[in-house]
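One structure below.
What follows draws every value from the coordinates through simple rules; no lab data is involved. This is a predicted model, so every value here is computed, not measured. Cβ coordinates were reconstructed from backbone atoms using ideal geometry, including for glycine residues, and neighbour counts include every protein chain displayed.
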Amino acid sequence: MTQAGESVRDGAGLRHGDLLREVEAFVYHEGNLQDRHEYDAWEALWTDDGVYWIPANGEDIDPEKEMSIIYDNRSRIALRIRQLHTGRRLAQTPKSNLVRVMSNVEIVGEPAEDIHVRANAIIFESAPRRDTLWGTRNEYTLRRVAGSLRMARKKVVLVNNAKALPNMAFLI
Amino acid sequence: MKQTPNWNELLQDDGVHGSVYTDPQLYESELRHIWRTTWVYVGHESEVPRRHDFVMKSLGPEPVIMTRDGDGQVQLLLNRCSHRGNQVCTQARGNASVFTCPYHAWSFGSDGALKHMSLPDGYPDVNKAERGLAKVTRVASYRGFVFGSFAASGPSLEEHLGGALEVFDRLVAVSPEGEIEVTAGFLQHKVTANWKLMLENETDGYHPTFVHSSIFGVADSGIGKLYGRQSAAISRDYGNGHTECDLRPQFRKLDVPMGWFGTTAERLPDYVGKMRAAYGDERARQIMIDGTPHVMIFPNLFIAEIQLFVLQPVAVDETIQHVTALQFKGAPDLNRRMRQQTMGSVGPAGFLLADDSEIYERTYQGLLASAPAYTFTSRGAHRERRDDGGYRIGDITDDLPSRGIWRHYRSLMEPRTSVEQSA
């Protein structure tokens, strides 16, 4: 939380108003692609070295040593998408109905080649046997590639990640 | 409705009545006759390596604190203050020589002994030795795997594991130091389904080709072929409810060291070198061909080659799968891959387990339909045979493991019949 606080104190968001609006647009777009299961368009947002991380049991675990819910390098992100595209990914057959509200978008620290961003999301999932509310704090590392923002890292901290969770086979 | 279940009717040789999975009264009866009677896996000694380490576990539906006490002994303590019943521990893990109940500040040692009652003048005649935390009645371990039983008497752990004891030897042999470690932390994956659907599915070699076709089709995985028609792998019933998918016959046919792990010896030079040094070339080669076991230890421990699952029943229609990557002592290069492959496969977003869990939930819903009244588990009954150890074996896709599970289930649920080995 100290980092998030710093971004307010040092006024990075205010001094980089145009960038903040661009970052917000990126974050909303990324969330919309996930909600609409636009798998290929979502995959195209990643840099070649992208890492998609959803820790378990807190937010500060070492993913190289401890179990995470998802800890995908770029090739595993691609595999995840390929599995969804088969149409036989049973846990997403039918696809979950999703809607998310994203907020609290902040640029953390001084933006350089890597732009560090935080945002919160509340995601409502309607699946055949249950409706689930997922609450997440998200961290992004964004980078400009050929003029557009791309994701080099997305960390999704489910606020209930230390508890038993049901299937979560959609893109979050 | 206090009827005694008619087991002849509920459990047949080639199928099970749907209510066996869905009847809340039967579930209550299982808690008594299975979960509070038989040996149940709780945790691994490597989870509490130092004195006064503790970790919250469960014995079936019951929360248990697994500690290592001041003498180095592993203890299974019930999380209930002996005074008014408040939980004495609310942390998932840690190190504490004393648990102090926050309600009235009674304190207990890591061995469960009552150390201190606050304002003790109110208790002139209390024998502190009688007021410690309750303990699981019997605790025993094998190869570091700690089991508990609430039954004061009955088979020893080794008798309970029976033929499946050897599976643990086979597992730890994959470590150059002969030990496994449970140090990677657990995911908890919840399903709205009865625990026995998982118990049976863990050694169901018929489903992978179908349920997991979405990932086998796009990943470079040899798993699908292990369960294919040409596979030499077999299913085995060790008795006492323990069942196995024995993949060794197929791995021996392929004869590729580390092929069981989808890799080659050349890609794990440190590990292979240590294995040869520890076991000699010939024995090391055999271990690296055979790989790790795929075995379901009744009622709740599933050793799945590279990971370990613990099944925890929560209600007739709710089960938590606790899952972690197995770690082999002295094999850091192997362990890193174990963690990565496990994280890809299991948990709420796993390439395999999310689909298995979807099937558990749909099957539970399906079983609530009234007809047909029974499941059908006859597959391969005509080709059941015995191995050299006298255990029932069948083809890898046969229902033989299910039939073994139900024979043992009945022997526990219907305890008045002669207590015979279910093998």
Which loop trypsin sites (Lys or Arg not before Pro) in the range A:131-172, with loop taken from DSSP, have no more than 14 other Cβ atoms within 10 angstrom of their Cβ? A:LYS163
With Rh as the Kirkwood radius over Cα pairs, chain B has Rg/Rh of 0.99
Tell me the angle of helix A:17-35 to the major Cα principal axis of chain A, expressed in degrees between 0 and 90 and rounded to the nearest ten. 0
I want to check the label-to-label distance for A:LYS95 and B:ASP169. Put each point 7 Å from Cα in the C-beta direction and report it in nm to one decimal. 5.4
How much length is gained if the chain between B:SER153 and B:LYS253 is pulled fully straight, taking 0.36 nm per residue apart and subtracting their Cα-Cα distance, in nm to one decimal? 31.6 nm
Which residues in the range B:137-181 place their backbone N less than 17 Å from a point set 7 Å from the Cα of B:ASP71 along the Cα-to-Cβ direction? B:137-141
For the range A:36-83, which GluC sites (Glu not before Pro) are in a loop by DSSP, counting at most 11 other Cβ atoms within 10 Å? A:GLU64
In degrees between 0 and 90, to the nearest 10, how far off the longest principal axis of chain B does helix B:332-345 point, with axes built from Cα atoms? 90
Starting from the Cα of B:SER46, step 7 Å along the direction of its Cβ; do the same at A:GLU22; then give the gap between the two resulting points in nm. 4.8
Cleavage-rule hits, GluC sites (Glu not before Pro), the range A:105-172, DSSP coil, Cβ neighbours within 10 Å at most 15: A:GLU113
On a 0 to 90° scale, report how tilted helix B:400-413 is relative to the longest principal axis of chain B, with both axes built from alpha carbons and the result rounded to the nearest 10. 30
If the elastic network links every pair of Cα atoms under 10 Å, which of B:ASP111, B:ASP388, B:ASP69 fluctuates the most in the Gaussian network model of chain B? B:ASP388
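Given the pairs B:LYS225/B:LYS329; A:LYS65/B:LYS57; B:LYS253/B:LYS274; A:LYS163/B:LYS135, which span a C-alpha to C-alpha distance of over 23 angstrom in this model? It would help to have the intermediate numbers written out before the result.
Working: B:LYS225/B:LYS329 30 Å; A:LYS65/B:LYS57 21 Å; B:LYS253/B:LYS274 25 Å; A:LYS163/B:LYS135 25 Å.
Pairs exceeding the cut-off: B:LYS225/B:LYS329; B:LYS253/B:LYS274; A:LYS163/B:LYS135.
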Nonlocal amide H pairs with A:THR47, under 5 Å, H built at 1.01 Å: A:MET151, A:ALA152
Quick one: dipole size for the protein assembly as shown, taken about the Cα centre, charges +1 on Lys/Arg Cβ and -1 on Asp/Glu Cβ, in debye to the nearest 20. 220
Counting only other chains, what is the mean number of Cβ atoms within 10 angstrom of the Cβ of each residue in peptide B:180-192? 4
For the protein assembly as shown, percent of DSSP beta bridges that are antiparallel (nearest 5) comes out at 95
In nm, to one decimal, how far is the modelled label at B:LYS135 from the one at B:ASP388, with both set 7 Å along Cα→Cβ? 4.1
